[in-house]
Amino acid sequence: MMIRMPKGIWPWLILSLWFSSGLKSNESPLSPWSTDPLLRELTAEIVFYLSFDGGNMKPEMALGLSDYRLTGQPKFVPGLKELALTAGGGKSGYAVYSSKLNFPIATQGTMIMWVCPVAWTHYNGPNTIFAMTTNFSFYLERQGPGHNEKGELTRQEAVLFLVNTPTTGNNCINFGTNNWPSGKWRMLAAVWKWPEMALSVDAGTFSVRSVKKPPLAQEFGDLLVGALGGEETLIDEVYVFKKALTKEELQKIYQAFSREFNQKGDN
Amino acid sequence: MTNKLKVLFSLGSFVIFVKAGTSQVVLPEIGIPFMKKLPILDGKIEESEWAEAARMVGFVSQHNQEITSREAIFWVGADEESLFIAIKSEVAPDGQLLTRAVPDGDRDIVSVCYDESVELVIHPHLGKTTGDQRYFHLICNARQAMYDRSFDPANPHNPVNTAWRLKNWVFTSNVIDGFWHVEIRIPFSEIGASREDLDRTWGLRVCRNWQRPWDQSRWENASVAYEDIPTMPRVSFNASFPVVQIIRLHDQGKPHIELTVLARETLAVKVFISDAWSHNPPTEKTWEKTIPAGTRETFVLQSPHGGPEAPHRTLVKVTSPEGKQVYYLREFRWRPGKPEDRWTLMKEEKKAIVLQYKIYPYYHKMKVRVDITSLSSKDQVTGAVVTLTRKGEKQPLLTKQLVFKGTEAELITDTPVLSEGIYEVAVRLEGGKDVPTEPVVELYERKVFPWEQNRLGLSQRVIPPFTPIEVKGNFLSTVLRTHQLNAVGLWDQVVSLEKPLLASPMFWRVTSQGQSLPISQGRFTVLDQKPWQVITAGSFSAKQFNAQVRTEWDYDGLAKVTLVLNPAGQMTIDGLSLEIPLRDALAQYLHACGDGLRHNYAGKTPAGEGLVWNSNQANKINIVGPFYPYIWLGGGERGLAWFADNDYDWSLDEKKPTLELVRQGEVLTLRVNFITTPTPLNRERRIVFGLQASPVKPMPEIPVNWRRWLMGYFETPKVQPFTILGSNPYYGCRGYDFYPVDRDLSIYEAFSQARDTGVFDKKFVEKWLEKYKQFVQPGTELWTFFLNHINAGMHTAASTLRSRGWLLTPYTNPRGIGFHLEEWPTFQDEWIQFPYFPRQKEGSVSYEICPVRSFQDAALWYYREMMRCFDGIYWDNLYLAANYDTVAGGAWVDEKGRIHPSLGLWAMRELVKRTAVLFHECGRPVFLNVVHMTNANLIPILSFANVSLDWEWQYGKRDFQDRFTPEMTVAETIGRQCGNIPLILAGGFYNQKDPDYSWVMRTRLGVCLVHELKVWDYGPAFHYQFLKKLYEFGYGEKDCQVFNYWDEHFPLSVKGIKAKGIVFLRGKKALAIVTDYGEGGQATVSLDYQALGLTSNLRPKDFETGEELTVTGSGQPSFFLKKHDFKAILFE
């Protein structure tokens, strides 16, 4: 069972400890971003961050414009820290942000997000988009399963990191989600440093592939986060880094935050 | 007295002992008057506006308690209503302030902590024990995203109020000329400060939070908790106080501590400045002076120094003459110089230089790519130099100049032979002043392995069932086929299994200006002739254009053709095609393969006249342009394949197909278009392709006829049992590895012993598992995975007894590898199919490897070791896949910069062939070499195996007739074209308790029977019971003839249903099996007794039940057959 901080307490903890740099690290549960030297250095690489904790789609961090266009009415529910976004289920919404500076998909970067199945049938279900570009050239999504009337599997369920541009061709990395129970949060990390792209779940083994040629910036649209349709999923703590994080860095993040979120790793 | 003590002593009463930490800290103090002229808060700091505020130079880094080398000045002032603060601080060389946190109403934004920000702690009630005792803390970035709260010591149980928000304050900022200007006004009313509070000393922290790299720098040189009250700098207010401003600490690097004192009214002051560098005695100066009202006096101390890196310790103290009233006090350490790395931006700039490389040990080549797209100074880059140096040595082994096209540069160059060691691949940019000059360096590890350049499987011999190549005149014969060759380097005819496949000779078509040019033929020549290889040549010409055709024949009948188009001056041709006129009757089936699998067409050749098919209709994934690599046309027993690994030196119109099928009456012409766009013949072009007639070899006859090979075992004489270990971990590997964990081959001995004794060695397994603890935690799922696999592997070994003739073959994956493999860092560049690849040491790729020569050498080396306990090799998924490597992989780059991948055809063929030869070299002519080829029956690749595995596809509970058409099965699955035993996967339906299971498995049996397919399965029982009866009938015996429905003159016809059949004839009895592929119904079966030499009075019986079947008036059995069911009818 996940334990959440009462509203308003978590930020205070971070700040009080942030300022208490003379304290020994074992005196309090310090915020990993501020106390771990490696993670602290990584904070300079963050270009976009959605916490949803304000009960809206406003980015908490945006190197570029923070404006966004809304479709539907995004639904927020208790999440990892405070609030999480409901993706899919037909009763939520999504927001579109300027990719410029916020989403360096044409060069190198990492998108990390935590997702949690809510109502996955594991039998028949549509896709749930977690993030994509508006011209469909980038997706981080969960492909819903499909079975025909005879009960035969017609579409595998998986989380997908997909890049499909005229230059790169169609490139997809997937990770099966058949055994993902409801209520269990997972950390997805899509990493790109062209021509390589990688997908990692819970900082586990990278699935890596390489595109035939690095994409061009103009082949990507704006960044969309969230979904109206698809099987209901919670999304929380969406980070975009302008650096292709290493496996070690991802593991550090995962270990630090799965502890903070009272999660157990499931590599 | 030491210098340090001397300085401390001089501080007198200002020394405060701070509990946190061990160092003594001098707290900054200022006394400020109320400003008469208030600054304009427009985010642009003018010195004159802040002339009445205390001025401080530099913030103290929290890392080393020195003034940070990143420049900053800050001012603190007040009027009687507000506190004023200004901060002017350096921004990074890129002029960017890291500002990402976004304000969201009154919500505290924690992320502001990760931005460049200003941080204040204000304590207007310092020392108060009654009334409002609150103090306040806030962080704000340039976007005014904030995090703030108040603390109330009067409320010890709940002192923190996170809901508090500083409102009605002014915060303006701009980045101007490389500095962030921040101007702040905080009304006293917003922080609960009354007029009376101004009579007391306040606490005030002023901080600048930096990023890139991160630093929390502050006024004081204490590194303690920010809310720590005793260590807060002190501020006093008094209208009569002077204004003290530190102007500078150095002048062009030389210590020059300058301050000014502005007296609001005539005032006597004592100014003390002390500065010491390193451990030298301090230089000190004291001034006692009365400053007239409205006058600003300047005080300067110039002191010795030890260069830009020398540490200084400075004390500035301005007091009343007797020292009681402090106007200014700050003690700090600092250095005059600015280190180059004070911003990580230079590191980032270096990271913006993307260096990718590949080193090819077998080819002695290096490929380097440099991308500076993200480099801010990219416009100043004029070139780059790349070097390869053995680590620890100064002299590079090679130095090459790189030339950029736009922001990218790539180079392929020869390298010397690299002995074992670590090498540095370095690139250094050249160009303008802002171009980073530090080289970017990557490391390459060269290890030398014992398997390198071995000759395993390369002995010059002909292995059975192939036969030596024979050449008689222009007739060249290989097993089962005879080719009649001609003078233009093509075939006039090929006879396969005694039937000619060609309707007329193959020919070249050359077109220019819309006209076919007459072709003049050259001369047929045999250039070299050995039993295992023959080289023939021909040539042709058309006007000024001429071409040489050289063919290398392998003993499986593969003709590797190199077409050399010689330069022809100014001549341009529009088209060059190879035309292969086939006898349509023998080309009923078509199998065309692009890259990838499960989308390749296999089935009937499209009907109709004229153009009936072209390769633009066919599926492919990553192939660039209209090139299509593989086509086979034929029947159930014979056919002809054309193929190419890439389209190097072809000249293609993007929209015109490269393969076309044109039917004219009884002739089906395969047209291969090499040039489809006007092409000047101004250079030599070399085009390589292959031709191979099928079948390439007879079906296996040793140790028993292929029909008696069986996956699974039961007590039937002359059955050859075999099984496959379906993944590497079964035999001790960690992943897709050449060898077991720790390269410990003792597990092969243990398996071998188990296969001889039938005993499962549990102790060995327990000991073996100890090795896994280095990379997997016992008790985890992964541990259980390895445990289960090794147990199952050992169990299988103990069950597949050699004494019973079992053949046991292990899974390998020639397209996958684990990065933990010791060979990976050295050879990854040759093996990976991508242009470049990260140098990871963990993880794996599953289907991204191409088994090029060095991979083959490694694989064969360890295949030989595996022969200690195994009887063959299983290769997973030998389909065509795009290989983008331009050195080892055979890819090429066109004039548009597109990489045209090669497809691994030759490499995979060589791997399979070498393995077959290896088994013969080791005296093991009986083997089980399994090619998993789902939907990619690539004859040149599968030719040297002896089992073809298909149908990892269309899983579920459907009837097998609904999964694969009989036409597809003939074109792709039945194994005859390669002389391989056809094996299929079980179909993905394993739940024997499912009520549908038996039926679905029966449909599988029916489909398998009429196509003679073996199944990788161990059930259901009725499947094997049927096979047992079939073997008892004589199936697979020499005297048992088999008639397949794709044969000419098939002696069985079925009316009433849509069905496929098979007939077995042994002596005077026959067995016919009819499998429904339609909707079922009343079936009437006619057997051609006369053709089979049988008497017509045989009584048909149900082979399964023994019951006599109803016959029609003409004696033909008639029965109702359920949809997709089968009936076996025994005629005796």
Residue tally, condition surrounded by fewer than 22 Cβ atoms within 10 Å (Cβ to Cβ) and within 24 Å of B:W650 (Cα to Cα), over the stretch B:579-600: 3
Would you be able to tell me the number of residues in the stretch B:913-957 that are assigned to a loop (DSSP other than H, G, I, E, B), open to solvent by less than 10 Å² (accessible area, probe 1.4 Å), polar (S, T, N, Q) and more than 17 Å from B:W706 (Cβ to Cβ)? 2
The helices (runs of 4 or more DSSP H) lying wholly within the stretch B:723-835 that contain at least 2 residues that are open to solvent by 10 Å² or more (accessible area, probe 1.4 Å) and touching a Lys or Arg at 6+ places or on another chain (Cβ under 7 Å) are B:746-757
Taking the stretch B:1075-1113 and keeping only residues that are free of Cβ contacts under 8 Å to residues at least 60 places away in the same chain and in a strand (DSSP E or B), one is left with B:G1081, B:Q1082, B:A1083, B:T1084, B:V1085, B:S1086, B:L1087, B:P1100, B:K1101, B:D1102, B:E1108, B:V1111
State whether one or more residues within the stretch B:54-62 are modelled with pLDDT under 95, farther than 18 Å from B:H181 by Cβ and more than 14 Å from chain A (Cβ to nearest Cβ). no
Residue match in the stretch B:92-112 (condition: modelled with pLDDT of 95 or more and buried (at least 20 other Cβ atoms within 10 Å of the Cβ)): no
Going residue by residue through the stretch B:499-515, is there one that turns out to be among the charged types (D, E, K, R) and outside any strand (DSSP E or B)? no
The residue from B:A263, B:A268, B:A276 that alone is at pLDDT 95 or above and farther than 23 Å from B:K37 by Cβ is B:A268
Taking the stretch A:44-55 as the search range and keeping residues that are within 7 Å of chain B (Cβ to nearest Cβ) and touching a strand residue (DSSP E or B) at 6+ places or on another chain (Cβ under 9 Å), which one is nearest to A:S99 (Cα to Cα)? A:V47
For the stretch A:171-249, please list each of the strands (runs of 3 or more DSSP E) lying entirely inside it that holds at least 2 residues being free of Cβ contacts under 8 Å to residues at least 60 places away in the same chain and either within 26 Å of A:S92 (Cα to Cα) or within 14 Å of chain B (Cβ to nearest Cβ) (or both). A:196-201, A:207-210
Name every residue in the stretch A:95-106 that is outside any strand (DSSP E or B) and touching a residue at least 40 places away in the same chain (Cβ under 8 Å), in order of residue number. A:S98, A:S99, A:L101, A:N102, A:F103, A:P104, A:I105, A:A106
Given the condition basic (K, R) and open to solvent by less than 70 Å² (accessible area, probe 1.4 Å), answer yes or no: does some residue in the stretch B:400-408 qualify? no
Restricted to the stretch A:78-106, and to residues that are within 13 Å of another protein chain (Cβ to nearest Cβ) and open to solvent by 40 Å² or more (accessible area, probe 1.4 Å), which residue is nearest to A:N164 (Cα to Cα)? A:L101
Do we find that B:Q211 is polar (S, T, N, Q) and open to solvent by less than 10 Å² (accessible area, probe 1.4 Å) in this structure? yes
If B:R446 passes every condition in (1) of a type outside the set (A, V, I, L, M, F, W, C); (2) open to solvent by 80 Å² or more (accessible area, probe 1.4 Å); (3) at pLDDT 95 or above but one, which one does it miss? (2)
Only one of (1) in contact with a strand residue (DSSP E or B) (Cβ under 6 Å, 6 or more places away or on another chain); (2) surrounded by fewer than 20 Cβ atoms within 10 Å (Cβ to Cβ) does not apply to B:W219, and that is (2)
Look at B:D647 and say whether it is touching a His at 6+ places or on another chain (Cβ under 8 Å) and either open to solvent by 20 Å² or more (accessible area, probe 1.4 Å) or at pLDDT 95 or above (or both). yes
Counted residues, the stretch B:1089-1101 - those being of a type outside the set (A, V, I, L, M) and either in contact with a strand residue (DSSP E or B) (Cβ under 7 Å, 6 or more places away or on another chain) or not assigned by TED's automatic domain parsing to the domain that holds B:G1061 (or both): 3
Checking B:Q961, B:Q954 in turn, the sole residue that is farther than 26 Å from B:G557 by Cβ and in contact with a strand residue (DSSP E or B) (Cβ under 8 Å, 6 or more places away or on another chain) turns out to be B:Q961
Tell me, please, whether a residue that is under 22 Å from B:D649 (Cβ atoms), part of a loop (DSSP other than H, G, I, E, B), touching a residue at least 24 places away in the same chain (Cβ under 8 Å) and of a type in the set (G, A, S) can be found in the stretch B:895-912. yes
Which one is nearest to the other protein chains (Cβ to nearest Cβ), of the residues in the stretch B:124-152 that are in contact (Cβ under 8 Å) with a residue 60 or more places away in the chain and open to solvent by 10 Å² or more (accessible area, probe 1.4 Å)? B:F151
Restricting attention to the stretch B:456-508, the residues that are open to solvent by less than 10 Å² (accessible area, probe 1.4 Å) and touching a helix residue (DSSP H, G or I) at 6+ places or on another chain (Cβ under 6 Å) number exactly 3
Free of Cβ contacts under 8 Å to residues at least 24 places away in the same chain, charged (D, E, K, R), open to solvent by 40 Å² or more (accessible area, probe 1.4 Å) and not in a helix (DSSP H, G or I) - does that describe any residue in the stretch B:1047-1065? yes
Strands (runs of 3 or more DSSP E) fully within the stretch B:373-469 counting 2 or more residues that are among the small types (G, A, S): B:381-390, B:421-431
Answer yes or no as to whether B:T973 is closer than 28 Å to B:G712 by Cα and surrounded by fewer than 24 Cβ atoms within 10 Å (Cβ to Cβ). no
Within the stretch A:107-161, strands (runs of 3 or more DSSP E) holding 1 or more residues that are on the phi < 0 side of the Ramachandran plot, within 14 Å of another protein chain (Cβ to nearest Cβ) and surrounded by fewer than 21 Cβ atoms within 10 Å (Cβ to Cβ): A:153-155
Residue satisfying all of: in the stretch B:875-894; among the β-branched types (V, I, T) and in a loop (DSSP other than H, G, I, E, B); nearest to B:W650 (Cα to Cα) among these: B:T886
So which residues in the stretch B:153-176 are within 14 Å of chain A (Cβ to nearest Cβ), touching a strand residue (DSSP E or B) at 6+ places or on another chain (Cβ under 7 Å) and either outside any strand (DSSP E or B) or under 19 Å from B:Q216 (Cβ atoms) (or both)? B:P159, B:T162, B:W164, B:R165
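The values are calculated or read from the model by the stated rules, or taken from the named source; none is laboratory data. Because the structure is predicted, anything quoted here is derived from the model rather than measured. Positions of Cβ are generated from backbone atoms using ideal geometry, with glycine treated the same way; all protein chains shown enter the neighbour counts. When the accessible area is computed, the model is the full protein with side chains, heavy atoms only, and any ligands, DNA or RNA have been set aside. Shrake-Rupley method; radii C 1.70, N 1.55, O 1.52, S 1.80 Å.
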